[in-house]
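Step one of this worksheet: look at the structure below.
The values are calculated or read from the model by the stated rules, or taken from the named source; none is laboratory data. Owing to the predicted nature of the structure, the values given are computational and were not obtained by experimental measurement. Quick reminder, even Gly has a Cβ in these numbers, built from the backbone with ideal geometry, and neighbours come from all protein chains shown. For accessibility, only protein heavy atoms count, side chains too; no ligands or nucleic acids. Shrake-Rupley method; radii C 1.70, N 1.55, O 1.52, S 1.80 Å.
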Amino acid sequence: MINVYDTPQQLYAAAAWLWIRAVLESEDGLVGVATGATTTPIHQAVALLYAAAPFDTRGIQICAVDDYAGIEPGHIASCSERVRRQLVQPLGLGEEQALLPGRFTGRDAPQHYEAQIAQRGGIRMQMLGLGEDGHIGFNYPGTPMGSGAFLALLPQSTKDTLHRLYGLPMAKMPTHGLTLGIRSILMSRRIVIAVTGARKAAIVREAILGPVNERVPASALQLHRDVAWLLDREAASKL
Ligand code: F6R
């Protein structure tokens, strides 16, 4: 399904309602989130809606698609920390309601993280953003599509973004990140991917209309039966 919104703001509001509906469903399992410029305003909209008209958060269970390995706990560059600040705290969730990859360390961290997700009933809805090169989570071009959670090597572009946005010195820059793999993402019962801006229009076209291949990791979403693409008019301009 492809939904096109006139403005990014309309997309953020619609995505926030989708997210709230998903967390309030009485189904088993977790609701997966991603961090970044696209999902931050969606989480902000969720927090605003909750502040204006609180809903019952006791049944909410969330997890995150990825996080950088080796960033000190509590640092704002950590994806887990941003999920805490954007959702866990504003919604008053207990620590046990958020399964965050930042807690998992060591070589077996990806397998442990994935096992914990399975133990909690899997992911019933995973929300994603899209990178300009077609990455989802830290599944960059070339990642094998059959992969479960793994420690991904971070490309220079991601390190540059971390440096620019969070002032993380290059000397302390993580080299790897824990991410759910394409196979893990495809095991989610539902996937929602939100994309805005003209810069991503070409990759949106390739992901939706191009062949499914490892050069464009998001093209793997064509293999899933329940994917909602939420696009603003600019991101949809090449479809
Ligand atoms: C981050 C993540 C990434 C982002 C992607 C898009 O947790 O999973 O795949 O979703 O890099 O980021 P923005 O929205 O900043 O363009």
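So is GLY129 touching a strand residue (DSSP E or B) at 6+ places or on another chain (Cβ under 7 Å) and at positive phi or not? If you could, list the steps in order and put the result at the bottom.
Working: touching a strand residue (DSSP E or B) at 6+ places or on another chain (Cβ under 7 Å): yes; at positive phi: no.
For GLY129, the condition - touching a strand residue (DSSP E or B) at 6+ places or on another chain (Cβ under 7 Å) and at positive phi - is not met.
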Practice task
Starting from the range 196-210, keep only residues that are away from the ligand (no atom under 13 Å from the Cβ), then list their pairs with residues that are in a helix (DSSP H, G or I) and at pLDDT 95 or above whose Cβ atoms are within a distance under 7 Å, requiring at least 6 positions of separation or different chains.
Solution key: GLU206/SER219; GLY210/SER219
Handout entry: Search result, residues across the range 195-226 that are within 13 Å of MET1 (Cβ to Cβ) and open to solvent by less than 20 Å² (accessible area, probe 1.4 Å)
Key = LEU221
Handout entry: the range 1-46 - residue that is over 17 Å from LEU99 (Cα atoms) and of a type in the set (Ser, Thr, Tyr) and, of those, farthest from the ligand (Cβ to nearest atom)
Key = SER26
Practice task
Kindly indicate whether LEU153 is more than 14 Å from the ligand (Cβ to nearest atom) and either of a type outside the set (Asp, Glu) or over 18 Å from the mean Cα position of the chain (by Cα) (or both).
Solution key: yes
Practice task
Scan the range 1-17 for residues that are buried (at least 19 other Cβ atoms within 10 Å of the Cβ) and closer than 30 Å to ALA118 by Cβ and report the count.
Solution key: 2
Exercise for the section: Return only the number of the condition from (1) under 27 Å from LEU209 (Cβ atoms); (2) surrounded by fewer than 13 Cβ atoms within 10 Å (Cβ to Cβ) that ASP28 does not satisfy. Expected result: (1)
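Just name the residue that is most open to solvent (accessible area, probe 1.4 Å) out of those in the range 158-194 that are in contact with a Leu (Cβ under 7 Å, 6 or more places away or on another chain) and in a strand (DSSP E or B).
HIS176
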Completion exercise
All-but-one check, LEU178 against (1) more than 14 Å from the ligand (Cβ to nearest atom); (2) in contact with a helix residue (DSSP H, G or I) (Cβ under 8 Å, 6 or more places away or on another chain); (3) over 19 Å from ARG215 (Cα atoms), failing number (1)
Handout entry: Odd one out for LEU186 among (1) among the aliphatic types (A, V, I, L, M); (2) out of contact with any strand residue (DSSP E or B) (no Cβ under 6 Å at 6 or more places or on another chain); (3) farther than 21 Å from THR38 by Cα
Key = (3)
